[in-house]
Amino acid sequence: MQLSKDIAAVITGGASGLGAATARALAVKGVKVALLDLNASLGEPLAKELGGTFVTGDVTDEASVDAALAAARKAHGQERILVNCAGIGIARRITSRNRQTGAFEPHDLSLFTKVIRVNLIGTFLMMSKSAAGMQATDPVNADGERGVMVCTSSVAAQDGQIGQVAYSASKGGVYSMTLPVARDLAQNGIRVCTILPGLFLTPMFDSLSEEARRSLAASVPFPARLGSPAEYAALATHICENPMLNGECIRLDGALRMAPR
């Protein structure tokens with residue numbers, strides 16, 4: 001797809017981290033960006049800086065998604081690009097020992113469900129709603145292309161560590177639905193790809209000490225550092241521009257293979 005001022009994009013989780021970096025990269029190409037997020041204090045000034053728009057949206061709530069997409073489309077027209085970056089993570093084993101009683105307790109179901117709802121169901125909901133809009137448009141090029149969707153899984157989908165049962169399950173679901181969704185939408189000229197980031201410097205790492213960050217960076221074979229959100233954004237932008245990338249899941253991890261812990 002030729003990126004230009006005639007193309008509109010919606011980026012979930014667009015107020016920070018991978019989403020914000022992708023919004024910046026697309027805006028540089030002239031794309032009209034709509035940042036869909038719950039954090040207005042970060043999203044509104046960034047959208048203003050990029051000449052885009054901020055829309056408040058909860059990806060787990062259908063009515064909220066409908067309202068957010070309606071606002072984005074009112075501002076920029078039907079999105080031709082959807083980038084799903086909204087996500088959360090927790091660290092919890094499937095059972096844990098109660099420090100007071102010594103008894104083993106099961107994983108909190110509400111926490112597991114919350115991660116699945118945001119990371120997997122939220123991605124599915126955005127794709128379904130966006131695809132319905134894209135399908136109603138005219139193609140933008142001779143290939144018959146109508147749109148592109150970029151989703152965010154994680155290397156944890158393949159290398160899930162101890163304590164990542166909920167996160168890995170959610171990201172594994174995103175990984176697994178990439179190809180069937182791409183096949184579903186192929187006849188309508190809508191491409192779907194998923195990026196599996198490794199260890200990237202995002203707000204999820206804000207609570208870690210500098211020593212912990214250095215230790216994580218040292219585990220990456222090459223380059224031995226945490227990934228930059230700009231590097232995720234560069235790949236997301238390339239996916240949008242390269243018409244033969246479809247139905248693919250791409251690890252972006254510096255050859256990292258995560259150990260059990």
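Values in this text are rule-based calculations from the coordinates and carry no lab data. Note that the coordinates shown come from a computational prediction; the quantities given were computed from them, not determined experimentally. In this analysis, Cβ positions are derived from the backbone assuming ideal geometry, glycine residues included, and neighbour counts consider all displayed protein chains.
Using only Cα atoms, tell me the angle between helix 229-241 and the longest principal axis of the chain; keep it within 0 to 90° and round to the nearest 10.
Once rounded, one gets 40 degrees.
For the stretch 121-261, which semi-axes, largest first and in whole Å, follow from the square roots of 5 times the eigenvalues of its Cα gyration tensor?
31, 16, 12
Enumerate the aspartates and glutamates that Lys29 could reach by cross-link, defined here as Cα to Cα under 12 Å, with residues fewer than 8 away along the same chain left out.
Asp6, Glu241
Using a Cα-Cα cut-off of under 17 Å, which lysines could be cross-linked to Lys74, ignoring same-chain neighbours fewer than 8 residues away?
Once the sequence-local lysines are set aside, what remains near Lys74 is Lys5, Lys32, Lys48, Lys129.
Would you mind checking the stretch 186-212 for residues with the amide N under 16 Å from a putative spin-label position 7 Å along Cα→C-beta of Gln161?
What the label zone holds, given the 16 Å backbone N cut-off, is 197-212.
Kirkwood-based Rg over Rh for the stretch 91-141 (C-alpha set), two decimals?
With Rg and the Kirkwood Rh in hand, the quotient comes to 1.40.
Going through the stretch 1-50, which trypsin sites (Lys or Arg not before Pro) have at most 11 other Cβ atoms within 10 Å and a DSSP loop state?
Within the stretch 1-50, the qualifying trypsin sites (Lys or Arg not before Pro) (loop, at most 11 other Cβ atoms within 10 Å) are Lys5.
Under a Cβ-Cβ cut-off of 10 Å, what is the net charge of the residues other than Asp6 that fall near it, where Lys and Arg count +1 and Asp and Glu count -1?
+3
Using only the Cα atoms, what convex hull volume per residue in Å³ does the stretch 47-124 have?
127 Å³
Any idea what Rg and Dmax come out to for the stretch 190-253 if you just take the C-alpha atoms, in Å?
13.8, 44
Mind jotting down the three principal axis lengths of the stretch 1-154 based on Cα atoms? Whole angstrom, largest first.
Sorted from largest, the Cα extents of the stretch 1-154 read 64, 32, 26 Å.
What order do you get for Leu46, Leu82, Leu109, Leu208 when you list them from fewest to most C-beta neighbours inside 10 Å?
Least to most surrounded, the residues fall as Leu109, Leu208, Leu46, Leu82.
Treat each spin label as a single point 7 Å out from the Cα along the C-beta direction, and report the Ser219 to Asn141 distance in nm.
With each label point 7 Å from Cα toward Cβ, the separation is 3.8 nm.
Rg (Å, one decimal) plus Dmax (Å, integer) for the alpha carbons of the chain?
When restricted to Cα atoms, the chain yields Rg and Dmax of 18.4, 67 Å.
Once you have the Kirkwood Rh of the stretch 154-200 from its Cα pairs, apply Stokes-Einstein at 25 °C and 0.890 mPa s and quote D in µm²/s.
Calculated translational D: 213 µm²/s.
Find the relative contact order for the chain and round it to a whole percent, using C-alpha pairs within less than 8 Å whose residues are 6+ positions apart.
Over the chain, the number comes to 20 percent.
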